[in-house]
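See below for the structure under consideration.
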Amino acid sequence: MIIKNAKIYGTYLQDIEIEEGKIKAIASNLQGKQILDAKGMSVLPSFVDLCVNLKNDKFSLAHLDLIEEECLKGGISAIILRDCMDFDEESFALFLQNLIRRKVQIFSSIRVKNKSGKLKNLATLLNKGACALELDSALDANTLKIASQYAFMKNAPLLVRCYDEDFDDNGVMNDCEISFNLGLIGMSKIAETSQVAKMKELAKFYKNKAVFDLLSLQDSLDLLHEKDLKLVSIHHLIKNDMACEGFNTAAKLMPPLRSKEDSYALKKALKDGKIHFLTSLHSAKSLSLKELAFDEAAFGIHSICDFVSLCYTFLIKDNFLSWQELCQFTSKNPSEFLGLNSGIIEEGKEANLIFFDENEELELPKNSLYAEDKLFGKVKMHMIKGKNVLDS
């Protein structure tokens, strides 16, 4: 197959030849029997998202089917599905077999403890195919130690959530003037930064490959070395705690949206290459769980279908980043983290490609965090290993 008239990374027109699911050649005036006219659309490497959650944090095959469908629609070819399942070892193996048959590459991380607070059989679960351990910084010291030792022993990454709710007394948004005016309990910075400092030392001591998960503060970035792996959500770059005004539960996220200054600092850190991974933070909740009083509403956002459009509207369209720069954080770096032969438009790589129309305008539902914003751009076609997965 020869792809013609497409702008690679939204900039230069060249043909792309695909053979046996991989990019065989990138050049001008390529010839072949099967021609796909991309009509000036931007061609990007498929996004890879390291933080995706099932709807309502509940496992079912229907929820698994739904997340796959939304990934295909949204231009996501691979994800880490965060753990909401207390599978035993045998059930986990069956779960992984189900994932293998899917079009989207779904990797599964595992929480260190089950919902009853019992340590899981980490060695066996990692042996069976778990891609990483999810480590909550607020766990007791003995659990942190054991999990870190298992991660070192099995050469497994740690997805480190740096947050201690004991600092916050069940806070529901950023601790700021707005939370005070709304009469809502705030979530203080120290609940995150104290844990970043602790987990940095723990990872250093046990020589773990740690991803500092969903950071939301400039102070957190300042505590870490430039080479420490950091994952940040797109929403924390482009929205701030002012979005919570009017008790807007669409803005109730975990971690909370922070100040305008923190949002700008995270955005600048991305530009400077100090953040390694960008995520949609997809954590969809039913309306029955979101359309409640702010105190009672669930944390979460439905965002994976709009991830590429959000990136284009708020980071690319105003020339803050180029597509090639952005795709370092959405495609290349996460692909390398997962050991995938993709994430970049280059000869020899898997043909996992997004065909993106930058001119189309989108309007999101009234219950969306972006209901008042006009989004631009839409995924018109999505290839995984050279096959269009939107029409198949």
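The values are calculated or read from the model by the stated rules, or taken from the named source; none is laboratory data. Computed from a predicted model, the values in this text were never measured in an experiment. Here the Cβ positions follow ideal geometry from the backbone for every residue, glycine too, while neighbour counts run over all protein chains shown. Surface accessibility is based on the protein's heavy atoms, side chains included, excluding ligands, DNA and RNA. Shrake-Rupley method; radii C 1.70, N 1.55, O 1.52, S 1.80 Å.
General observations
- Among 287, 371, 320 the positive-end extreme of the charge dipole of the stretch 282-390 (Cβ point charges): 287
- Computed over the stretch 112-164: relative contact order in percent, which uses C-alpha pairs under 8 Å that are six or more apart: 39 percent
- Net charge of neighbours whose Cβ lies under 14 Å from the Cβ of residue 294, counting Lys and Arg as +1 and Asp and Glu as -1: -2
- Debye intensity ratio I(q)/I(0), log10, the stretch 310-392, q values 0.22 Å⁻¹ (C-alpha model): -1.14
- Summing Cβ point charges (Lys, Arg +1; Asp, Glu -1) relative to the Cα centre of the chain gives a dipole of roughly 1140 debye.
- Within the stretch 40-186, DSSP assigns beta bridges of which about 5% are antiparallel (rounded to the nearest 5).
- Accessible-area composition of the chain, carbon plus sulfur, in percent [1.4 Å probe]: 48 percent
- Charge tally for residue 29 (other residues, Cβ to Cβ under 13 Å; Lys, Arg +1; Asp, Glu -1): -1.
- For the stretch 157-191 and the stretch 326-381, distance of Cα centres in Å: 30 Å
- The chain - share of DSSP beta bridges that are antiparallel (%, nearest 5): 45 percent
- Antiparallel beta bridges, as assigned by DSSP with both residues in the stretch 1-90, represent about 50 percent of the total such bridges.
- Phi to ³J(HN,Hα) by Karplus 6.51 cos²θ - 1.76 cosθ + 1.60 over the stretch 89-103, Hz, x for Gly, Pro: 4, 5, 5, 5, 5, 5, 4, 5, 5, 5, 5, 4, 7, 8, 6
- Average accessible surface for the chain: 45 Å² per residue, computed with a 1.4 Å probe over protein heavy atoms with every protein chain in place.
- Think of the stretch 1-138 as having a plus end and a minus end, set by charges on the Cβ of Lys, Arg, Asp and Glu; of 52, 10, 94, 10 sits farthest toward the positive end of this dipole.
- Ordering of 24-31, 225-232 by burial proxy (mean other Cβ atoms within 10 Å per residue, highest first): 225-232, 24-31
- Taking a Cβ cut-off of under 13 Å around residue 349, the surrounding Lys, Arg, Asp and Glu residues balance to a net charge of -3, with basic ones at +1 and acidic ones at -1.
- Ranked packing of 345-355, 32-42, 210-220, most packed first, by mean Cβ within 10 Å: 210-220, 345-355, 32-42
- The calculated FRET efficiency for residue 101 paired with residue 362, based on their beta-carbon distance and R0 = 35 Å, is about 0.65.
- The HN-Hα couplings worked out from phi for the stretch 190-207 by the Karplus form 6.51 cos²θ - 1.76 cosθ + 1.60 (θ = phi - 60°) are 5, 5, 9, 5, 4, 7, 4, 4, 5, 6, 4, 5, 5, 5, 5, 5, 8, 6 Hz, whole numbers, x standing for Gly and Pro.
- Separation of the residue 388 and residue 222 label points, Cα + 7 Å toward Cβ, nm: 5.1 nm
- Helical mean residue ellipticity (222 nm; -39500 (n - 2.57) per DSSP H run of 4+; nearest 500) of the chain: -8000 deg cm²/dmol
- Label-reachable residues, the stretch 337-374, where backbone N falls under 18 Å from a point 7 Å from residue 27's Cα toward its Cβ: 346-349
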